[in-house]
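Undergrad: I'd like to ask some things about the structure below.
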Amino acid sequence: MAHTGSTDVSGGCAPRGALVLVGAGPGDPDLLTLKAVKALASADVVLYDDLVSDGVLAFVSAEAERIHVGKRGGRPSARQSEICDLAIAHALQGKRVVRLKGGDPMVFGRADEELQAAEAAGVPVEVVSGITAAFGAAASLQLSLTKRGVSRRLQFVTAHARDGALPDDLDFRALADSSATTCVYMGVKTLPPLVQALREHGLASQTPVVIVENATCADERIVRGTLGEIVAQAASIRFDGPCLIIIGEAMRVRAASAVASGLAAGLLAAE
Ligand code: SAH
């Protein structure tokens, strides 16, 4: 092994009596890593979140037990401690356990708690990276999250505290930095207070904002606006899928692509 410090338990396949945290990516199954596909194909048990698409689940071995551990249809979600207990219990029975999480397991996925539980139980554990929603959204938008001389800092933030409100301990000065690109996870419900705080901290109302719903999926939807208008725009739309909000100058649409999308929409087709 070329590096130290990792528990190389899978080599791509889910090992027996171990846990593998696998990133399912943002939705498009083609964005799974080869390592993720191998882990899904060799799993005995797969515990999966709501955000995992059916196309991704299609890669799970037909013999594997599938356990849904997210909330859907108003049913309460499984508690994090119950998910950890379930994963560990199966691994201790000698099963190959895959914990499949939307996007990348290490981004707003509470992977730390599952890693800690595995460590405490003496269960070997490995993490397989996935493509986080922000990267999927940027690829769909064909807009780089960083831009030379314009957007020098990239920050990921959750706009959802334990009680569902906007966390009051966010660093709003950093979030209002005009040379940063801010990717907001879990942010649709708290968009109004977030925008208000950003404006109070000096971010210009003309700053571009993009909301990408179901990034990389067939039903992906993109809403473009500015900091000044996005709250009113978002209020008129019913979002059903997960949404990623990206704020910053890097989201300014290039003139050429504005023409191209105008053409695509038939806006310039006068005849
Ligand atoms: N680990 C995940 C994030 C989990 S938090 C990742 O790396 O992407 C859940 C939030 O992620 C959602 O509320 C939404 O803000 C974002 N998200 C996940 N999948 C998404 C998708 N396909 N499109 C847009 N946003 C998504």
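The values are calculated or read from the model by the stated rules, or taken from the named source; none is laboratory data. Worth saying up front: this structure is predicted, and the values here are computed from it rather than measured. Note that each Cβ is placed from the backbone with ideal geometry, even for glycine, and that neighbours are counted across all protein chains shown. For accessibility, only protein heavy atoms count, side chains too; no ligands or nucleic acids. Shrake-Rupley method; radii C 1.70, N 1.55, O 1.52, S 1.80 Å.
Undergrad: Can you tell me how the stretch 160-235 classifies by the Cα gyration tensor, rounded, prolate or oblate, using a/c under 1.5 as the rounded cut?
TA: On the way: a/c = 1.75, a/b = 1.26, b/c = 1.38.
It is oblate, given that a/c is not under 1.5 and a/b is not larger than b/c.
Undergrad: Working out 0.36 nm times the residue gap between Ile67 and Asp163, then minus their Cα-Cα distance, what length gain in nm do you get to one decimal?
TA: Result: 31.9 nm gained on full extension.
Undergrad: Out of the DSSP beta bridges found with both residues in the chain, what percent are antiparallel (nearest 5)?
TA: If we restrict to bridges inside the chain, about 40 percent are antiparallel.
Undergrad: For the chain, what does the accessible surface come to per residue with a 1.4 Å probe? Please give it in Å².
TA: Details: 14050 Å² over 271 residues.
Accessible area per residue, the chain: 52 Å².
Undergrad: How much of the DSSP beta bridge set in the stretch 6-128 is antiparallel, as a percent to the nearest 5?
TA: Values: 1 of 19 bridges.
Bridges in the stretch 6-128 that DSSP calls antiparallel: roughly 5 percent.
Undergrad: Keeping the other protein chains in place, figure out the carbon and sulfur percent of the accessible area of the stretch 6-128, with a 1.4 Å probe.
TA: Of all accessible area on the stretch 6-128, carbon and sulfur atoms account for 52 percent.
Undergrad: Roughly how much of Ser178 is accessible, in Å² to the nearest 10, using a 1.4 Å probe?
TA: Probe radius 1.4 Å; accessible area of Ser178 about 80 Å².
Undergrad: At 7 Å along Cα-to-Cβ for each site, give me the label-to-label distance between Arg173 and Thr33 in nm.
TA: It is 3.7 nm.
Undergrad: Per the helix-only calculation at 222 nm, which mean residue ellipticity applies to the chain, given -39500 (n - 2.57) for every DSSP H run of n ≥ 4 and division by its residues, nearest 500 deg cm²/dmol?
TA: The helix-only estimate for the chain comes to -7500 deg cm²/dmol at 222 nm.
Undergrad: Once you sort the root eigenvalues of the Cα gyration tensor of the stretch 6-128 as a ≥ b ≥ c, which label holds: rounded (a/c under 1.5), prolate (a/b larger than b/c) or oblate (the other case)?
TA: rounded
Undergrad: Among the DSSP beta bridges whose two residues both lie in the stretch 95-252, what percent are antiparallel, rounded to the nearest 5?
TA: That works out to approximately 75 percent antiparallel.
Undergrad: Separate question: Points 7 angstrom from Cα along the Cβ direction at Gln155 and Ser81: gap in nanometres?
TA: Output for this residue pair reads 3.3 nm.
Undergrad: Hey, any idea what the orientation-averaged projected area of the convex hull of the chain's Cα atoms comes to, in nm²? Write down the numbers at each step before the final one.
TA: On the way: hull surface 69.5 nm².
Across all orientations, the chain yields a mean hull projection of 17.4 nm².
Undergrad: Further, regarding this structure: Please build a GNM for the chain, connecting alpha carbons under 10 Å apart, and tell me which residue among Ala176, Ala117, Ala165 fluctuates the most.
TA: Ala165
Undergrad: Continuing with this model, one more query. Pick from Pro15, Pro193, Pro26: which is most flexible by mean-square fluctuation in a GNM of the chain where alpha carbon atoms under 10 Å apart are linked?
TA: Pro193
Undergrad: Can you pull the percent of the stretch 133-255's accessible area that's carbon plus sulfur, 1.4 Å probe, other chains left in place? Please list the in-between numbers first.
TA: Details: 3150 of 6320 Å².
Looking at the stretch 133-255 in its full context, I get 50 percent from C and S.
Undergrad: Note down the accessible area of Asp169, probe 1.4 Å, to the nearest 10 Å².
TA: Probe radius 1.4 Å; accessible area of Asp169 about 130 Å².
Undergrad: Let me ask you something else. Could you tell me the number of lysine pairs in the stretch 6-128 with C-alpha atoms less than 16 Å from each other, where the two lysines are 8 or more residues apart or belong to different chains? If you can, show how the numbers build up before the last one.
TA: On the way: Lys35/Lys101; Lys38/Lys95; Lys38/Lys101; Lys71/Lys101.
Lysine pairs, 8 or more places apart or on different chains, close enough: 4.
Undergrad: Now for a separate question. If His201, His68 are ordered by their accessible area, calculated over protein heavy atoms with a 1.4 Å probe, which sequence runs from highest to lowest?
TA: The most accessible residue leads, giving His201, His68.
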